[in-house]
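What follows is a single structure, written as structure tokens, with notes after it.
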Amino acid sequence: MAWTEKEQQELDKILKKYPPDRKLSAVLPALYLAQREKNWLDNDDIQAVADALDIPVTHVHSIIGFYTLFRKEPTGKYMVQVCTDLPCALRGAEDFYRRFCERMGLPPTGGTTEDGLFTVESVVCLAACDKAPMCQINLEYFESLTDDKIDQIIASFREQAKIQQ
Amino acid sequence: MGNELIDKYVLFRHRDVENIHQIEVYRANDGYRALEKALKEMQPGDVTNVVKASGLRGRGGAGFPAGVKWGFIPKDIYPKYVVVNADESEPGTFKDREIMTYNPHQLIEGIILTCYAVGAETAYIYGRGEFAPVFRDHLQQAVAEAYRHGYLGRNILGSEFSMELHLHLGAGAYICGEETALLSSLEGQMGQPRSRPPFPAVEGLYAKPTVINNVETLTNVPPIVLHGSDWYRQYGTEKSPGTKIFSLSGRVNKPGNYELPLGTPIRYLIEECGGGIIDGKAVKGILPAGASSAIIGPDKLDTTMDYEAMAAAGTMLGSASFIILDETVDAVWAAEKNVKFFKHESCGKCSPCREGTFWLVNVFRKLREGHGTKQDVELLETIIEQMKGNTFCLLGEFVVPGVRTSIDLFRDEYEALAVAEEETTPGPAKDLIHTFF
Ligand SMILES: Cc1cc2nc3c(=O)[nH]c(=O)nc-3n(C[C@H](O)[C@H](O)[C@H](O)COP(=O)(O)O)c2cc1C
Ligand code: FES
């Protein structure tokens, strides 16, 4: 379970940003904390957020459903989000994405690699349209990509995961 | 310094001054001097007045005069808030990210001046969730530096004025860029729009008076306060003064952000800044305000980029996110991409938007998969007619002009896809009804 003393301390700090009677404002930051460790939220994480903020767990569920950056299903250790929205697509991002999925051994729509390391998906505009093709990996920006460049980046994440094991 | 049209950058000062993201460098280059001037020599109302006189208009899309908006804040209700819109999610827009990354102190100084002008003691910058690295690696540092130097916190520069500035990240939802949805999101609710009135100026964050402005809007404030409104008006037109950042993307050789005086012709942006179209091809269509745009054709290349001229040309300046289509682009494909974007981002609160985008995506798919009939093209037109004026917020309204103008400008491409036999029963095709239920 991802909610420990450390998360609680961080949340206490975050809560200082909002008026004392407006704890609910911290629901997104609290969910980010809960999701940090394993990249998705299980029922315990969700309950922990509800308890920490003293709000109904149903509200936390509706928040998670509304915002795209929270996930209730297990995902890869690394979320690879390739933008294929119109400005990027005008610079070849759709074909780039298809080729990338193929090299990752995934269907053209993306998915999670067999080793569970990478979840690949196409997303809408990430405010980097002049540097297409581009992606975010766990929200870090990688821009002006080529096939070689993204393969190298993926390889370095694989290395990183190996070292961490 | 600057570029061919402006001798010094007003907003993108990092392009003139290296490392201006560092507070020492910013200070050595006029940084926080506007704030010193305001706190020592100006009443809060004077700050609002100079911004009013400058004619600065909101850069988030609607172009509403910033100083006028500040003037709506009631004097006798406390606390008041300033909320900065850093949601930047309109496809084709990537200017606020550059400001926050490379010139964050000018934004922060603008926020402090705004708070001083309206009497707010708390400000939030609301960024889209995907800006987490921008906030963590750039903005947060700059805010911490500003606190250390006494520009934020208690008794700023020894004055009576105190304020706190906080950063807040959303979590992936285009609609949170709409100001009332943004406030709901900041309060910990789903990011769904609220009805107006009451306007945020009267009942905004936590039902208190709130100014909401875009990142680029507030980045204009320090130079206006420091140099005055006449200086500011040396650029731009009478009704659209100042410089503006144009985000140029799509089929040009050099996509990127370009800061130019408002009133510069589109042709200049594409040819001089963007290095023309890839492989010397011809322009086919221009989306001046991202996915929400009415598309204009190459006959409009000499239109000047200011709020009035763009409206007269049948489109809008919006956030000035110019997406360029060239003759190699399939117009129906491009319209479908944008419709899919809006379907994905519809918050689901009102049915014209939720159902309308759903139907549009289905009809587009049917056309592009080769099962389209003439009736389907008409159906697209019927759907947008039904959405127009009937959606709860502008998101649904934003879908209409792109589809409308795409069909008007490129009708032959739509008709070329209407290859299947005419259906005998009028109304939506059976397979569509099937997917709906
Ligand atoms: C669907 C929708 C999305 C919007 N997205 C943004 C955005 O990402 N950033 C922004 O500054 N304004 C956005 N706006 C405009 C805001 O509602 C609001 O007008 C703006 O923040 C006001 O600031 P300004 O006057 O400085 O432009 C959006 C509006 C709508 C209807
Ligand atoms: S369209 Fe891909 S980052 Fe904007």
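Any read-out appearing in this document is the output of simple, stated calculations on the displayed coordinates, not a laboratory observation. Just so we're clear, the structure is a prediction, and the values are computed from it rather than from any experiment. Backbone-built Cβ (ideal geometry, glycine too); neighbour counts: all protein chains shown.
Taking each residue of B:339-351 in turn, how many C-beta atoms of other protein chains fall within 10 Å of its C-beta, and what is the average?
Mean number of neighbouring Cβ atoms from other chains: 1.
Starting from the Cα gyration tensor of segment A:78-164, multiply each eigenvalue by 5, take the square root, and state the resulting semi-axes largest first in whole Å.
Largest first, segment A:78-164 gives 20, 14, 11 Å.
Treating cross-link reach as a plain straight distance, find the lysines whose alpha-carbon is under 16 Å from the alpha-carbon of B:K374, omitting any fewer than eight places away in the same chain.
Partners within reach: B:K366, B:K430.
Multiplying the sequence separation of B:T328 and B:D46 by 0.36 nm and subtracting their Cα-Cα distance, what value in nm do you get?
The span from B:T328 to B:D46 would gain 96.2 nm if fully extended.
Report, ordered by chain and residue number, the aspartates and glutamates lying within cross-link reach of A:K149, taken as a straight Cα distance under 16 Å and ignoring same-chain residues fewer than 8 apart.
Of all the aspartates and glutamates, those that pass the test against A:K149 - Cα under 16 Å, at least 8 places apart if same chain - are A:D95, A:E102, A:E140, A:E159.
On the first, second and third principal axes, largest extent first, how far apart are the outermost C-alpha atoms of segment B:13-232 in Å?
Sorted from largest, the Cα extents of segment B:13-232 read 43, 39, 32 Å.
Quick check: Cα centre of segment B:272-338 to Cα centre of segment B:117-194, how many Å?
Taking the Cα centre of each part, segment B:272-338 and segment B:117-194 sit 33 Å apart.
Which pairs in the list B:K8/B:K37; B:K349/B:K388; B:K343/B:K388 are over 19 Å apart, alpha-carbon to alpha-carbon?
B:K8/B:K37, as the Cα separations exceed 19 Å there.
Using the crude model of +1 on Lys and Arg Cβ and -1 on Asp and Glu Cβ, and no other charge, please compute the dipole size for segment A:5-66 relative to its Cα centre, in debye to 20.
With only Lys, Arg, Asp and Glu charged at Cβ, the dipole is about 340 debye.
Between B:Q140 and B:K281, what is the FRET efficiency for a Förster distance of 30 Å, r being their Cβ-Cβ separation, to the nearest 0.05?
With R0 = 30 Å, the Cβ-Cβ based efficiency is 0.10.
Between B:E187 and B:A312, what is the label-to-label distance in nm when each label sits 7 Å out along the Cα-to-Cβ direction?
4.2
What number comes out for the charge environment of B:L417, summing +1 per Lys or Arg and -1 per Asp or Glu over other residues with Cβ under 12 Å away?
-2
Report the normalised scattering of segment B:1-121 as log10 I(q)/I(0) at q = 0.09, 0.13, 0.14, 0.18 Å⁻¹, calculated by the Debye formula with identical scatterers on the alpha carbons.
Log10 of I(q)/I(0), two decimals: -0.28, -0.60, -0.70, -1.14.
Could you compute how fast segment B:115-162 diffuses translationally, taking Rh as the Kirkwood radius over C-alpha pairs and applying Stokes-Einstein at 4 °C with viscosity 1.567 mPa s? Give it in µm² per second.
107
Given N residues in segment A:1-129, what is Rg(Cα) / (2.2 N^0.38 Å)?
Relative to the 2.2 N^0.38 Å estimate, segment A:1-129 comes out at 1.26.
Could you work out the per residue convex hull volume over the alpha carbons of chain B, in cubic angstrom?
Each residue corresponds to 136 Å³ of Cα convex hull volume.
Calculate how steeply helix A:147-164 sits against the longest principal axis of the alpha-carbon atoms of chain A, using the helix alpha-carbon long axis, and give the answer as 0 to 90 degrees to the nearest 10.
So the inclination is approximately 40 degrees.
Could you work out the mean count of beta carbons from other protein chains within 10 Å of each residue's beta carbon in A:111-124?
Per residue, the average neighbour count from other chains is 1.
Explain nothing, just the number: dipole magnitude of the protein assembly as shown about its Cα centre with +1 on each Lys and Arg Cβ and -1 on each Asp and Glu Cβ, in debye rounded to the nearest 20.
That gives a dipole near 1120 debye.
When you count, for each residue, the other Cβ atoms within 10 Å and take the mean per peptide, how do B:31-40, B:109-118 rank with the highest first?
Sorting B:31-40, B:109-118 by mean packing, highest first, produces B:109-118, B:31-40.
Rounded to the nearest 0.05, what FRET efficiency is calculated for A:R103 and B:N3 with R0 set to 45 Å and r the Cβ-Cβ distance?
So the FRET efficiency works out to roughly 0.65.
Within segment A:7-146, how many lysine pairs that are 8 or more places apart, or on different chains, have C-alpha atoms less than 29 Å apart?
Count of close lysine pairs: 13.
Taking 22 Å as R0, compute the FRET efficiency from the Cβ-Cβ separation of A:S144 and B:E18 and round it to 0.05.
Efficiency at R0 = 22 Å is approximately 0.50.
So what's the net charge close to B:R196: Lys and Arg +1, Asp and Glu -1, counting the other residues with Cβ under 11 Å from its Cβ?
Around B:R196, the charge tally is -2.
Please report how far the C-alpha centroid of segment A:136-165 lies from that of segment B:211-243, rounded to the nearest whole angstrom.
41
With the crude spin-label approximation of a point 7 Å out along Cα→Cβ, what separation in nm comes out for B:R368 versus A:R36?
According to this spin-label approximation, the distance is 4.0 nm.
Any idea what diffusion coefficient segment B:331-432 gets from Stokes-Einstein, in µm²/s, Kirkwood Rh on alpha carbon pairs, 10 °C, 1.306 mPa s?
Diffusion coefficient, whole number: 118 µm²/s.
Write down, largest first, the equivalent ellipsoid semi-axes of segment A:5-66 in whole Å, where each equals the square root of 5 times an eigenvalue of the alpha-carbon gyration tensor.
17, 14, 9
By how many nm would the segment from B:S351 to B:D76 grow when fully extended, if each residue of separation counts as 0.36 nm and the alpha-carbon distance is taken off?
So the extension gain works out to 95.1 nm.
Can you pull the semi-axes for segment B:243-326, root of five times each eigenvalue of the Cα gyration tensor, sorted largest first, whole Å?
17, 14, 11
Regarding the protein assembly as shown, what whole-number volume in Å³ per residue does the convex hull of its Cα atoms give?
Expressed per residue, the convex hull around the Cα atoms of the protein assembly as shown is 159 Å³.
If you count, for each residue, the other Cβ atoms within 10 Å and average over each peptide, how do A:29-40, A:150-161 line up from highest to lowest?
With the highest mean Cβ count within 10 Å placed first, the list reads A:29-40, A:150-161.
By the scheme Lys and Arg +1, Asp and Glu -1, what is the net charge of all other residues having a beta-carbon under 10 Å from that of B:E179?
0
Under the 0.36 nm per residue contour assumption, what length would be gained going from the current alpha-carbon distance of B:E415 and B:R33 to full extension?
131.5 nm
Mind jotting down the distance between the C-alpha centroids of segment A:10-65 and segment B:48-68, whole Å?
37
Among bridges DSSP assigns within the protein assembly as shown, what percent are antiparallel (round to 5)?
45
Order of B:L218, B:L395 from fewest to most other C-beta atoms within 10 Å?
B:L395, B:L218
Counting partner chain Cβ atoms within 10 Å of every residue's Cβ in B:168-176, what's the average?
Whole-number average of other-chain Cβ neighbours for B:168-176 is 5.
Of B:L113, B:P65, B:P198, which is farthest towards the positive pole of the protein assembly as shown's charge dipole, taken about the Cα centre with +1 and -1 on the beta-carbons of Lys, Arg and Asp, Glu respectively?
It is B:L113.
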